[in-house]
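In what follows, a single structure is set out as structure tokens and then discussed.
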Amino acid sequence: MASPARSHRQKHPIRRFGVLAAAATLTACGVMAGPVAMEAHRLPSDPVPAAEPSESSAALQSVTPSRAAASAPGSVPKQSVETPRAAAPSAAAPRAAAPSAAAPRAAAPGAAAESAAPRPAPELRAAEQPAGEPLAGQPTSTDPLHKMPRGDLPGWKQVFREEFNKGDVPIGAFPGPLYSAKWSAGYKDGTPDTAGQMGAKSGYYPSKVLSVKNGMLDWYLHTKNGISMGAAPSPKIPNNSAQKGLLPRHNSLMYGRISVRFKADSLRGFKAAWLLWPDSGVWPRDGEIDFPEGDLSKSFYGAVHKRGNDPKATDVFRSHAFYVDWHVATMEWSPGKVEFFLDGRSLGAGTTATPTTPMHYILQTESCLPICPSPQTAGHVYLDWIAIWKRA
């Protein structure tokens, strides 16, 4: 998803790791600040929940979208990385470097505000819960929250929805004629991902990863010839972010609501960082929003990287839920507030220094943050549907 050059690398690799000396201590697979959005990288290093297996490697570092990719039009911001909280960093594993002003938001322990148990979310409207047949190959759900939302909501106007029901597309052909009007495959093959920008053998290879099968967008995550491969597709939504000095983008919003239904295999070393990255490409100044984010073998979280000069300033809201089950994740970005909902329940909201400039959405899925997957690790991430609203 080559997006306008955002200088993402400068943000995450430089800001998040801050000091060149610190970056030098990172192993190839340990830290990645790629050209793509590096939101995930900014997360604070917290102890891993008891339900999650602890990592033997050093604490994961948060990374911001890679800048090389960010600089190219359509590039996707990188996601932040979660540092194992219980595990003590090993000598071999890279330690979270002190993030520089340009580095992603990897916050120091205690820098991020974590949420407690999920709270009930406001009751959803009928317009969000239309009846419909379940997609082929998926378990039947009796929960209306898992139906693709159709229509406007109070305060929100729906501008995009996709349930991948136009037919299958083989690996190497996405988006193709069936989906090209509404989708971009994202960064071109060989674009370094966040870790790849730091020297890891990892990158974006949409032609070897993306396909549409059984009514779902499918990422086939795997390693080939020693390179772990991911992809960062992006929906083409009506531009709603006009601002002087910024070029129009096909995936940009100025405040918005995004819901996705997804699941994934448990793939240690691969991660998701589906995020909103500032159109300006200036991070951390203009902030960042990620959800879901985290290693696919662990629970995921939502993160609000605050506006300002502190790459550690991040509010983190943990779900304590895992990718292996179907979930509906929703993030609502409105003036002065970013709230995360999981399966209809609020995980919490960030209300200080939230983003106030246009941002574009990228389904960034990559690896090596902070550890690379083993050569044998392979599996899938599935996106059942996605729905997007702008403020009415």
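The values are calculated or read from the model by the stated rules, or taken from the named source; none is laboratory data. Note that this is a predicted model, so its numbers are computed, not measured. Here the Cβ positions follow ideal geometry from the backbone for every residue, glycine too, while neighbour counts run over all protein chains shown. Keep in mind that these areas ignore ligands, DNA and RNA; they rest on the heavy atoms of the full protein, side chains included. Shrake-Rupley method; radii C 1.70, N 1.55, O 1.52, S 1.80 Å.
State which entries of LYS263/LYS390; LYS337/LYS390; LYS166/LYS236; LYS147/LYS337; LYS224/LYS263; LYS166/LYS224 exceed 18 angstrom in Cα-Cα distance in the structure shown. The answer is LYS263/LYS390; LYS147/LYS337; LYS224/LYS263; LYS166/LYS224.
Once both labels are positioned 7 Å from their Cα atoms along Cα-to-Cβ, the gap between LYS157 and ASP143 label points is 3.2 nm. Net charge around ARG257, counting only other residues with Cβ within less than 9 Å of its Cβ (Lys, Arg = +1; Asp, Glu = -1)? Here the count lands on +1.
Computed from the C-beta positions of THR351 and ILE171, the FRET efficiency with R₀ = 45 Å rounds to 0.60. Per-peptide packing, taken as the mean over residues of other Cβ atoms within 10 Å, places 256-267, 366-377, 317-328, 188-199 in the sequence 188-199, 366-377, 256-267, 317-328 from highest down. Computed with a 1.4 Å probe over protein heavy atoms only, the accessible surface of region 257-353 comes to 24 Å² per residue. To put it simply, the accessible area of region 265-329 at a 1.4 Å probe is 45 percent carbon and sulfur. Restricting the calculation to Cα atoms, every distinct pair contributes to the Kirkwood radius of region 182-299, found to be 15.8 Å. Each residue, SER374 and ARG285, gets one label point 7 Å from its Cα in the Cβ direction; the gap between the two is 4.5 nm. A simple packing score, the average count of other Cβ atoms within 10 Å per residue, orders the peptides 338-348, 163-173 as 338-348, 163-173, with the highest score first. Descending by average beta-carbon neighbour count within 10 Å, the peptides 205-215, 143-153 line up as 205-215, 143-153, the highest first.
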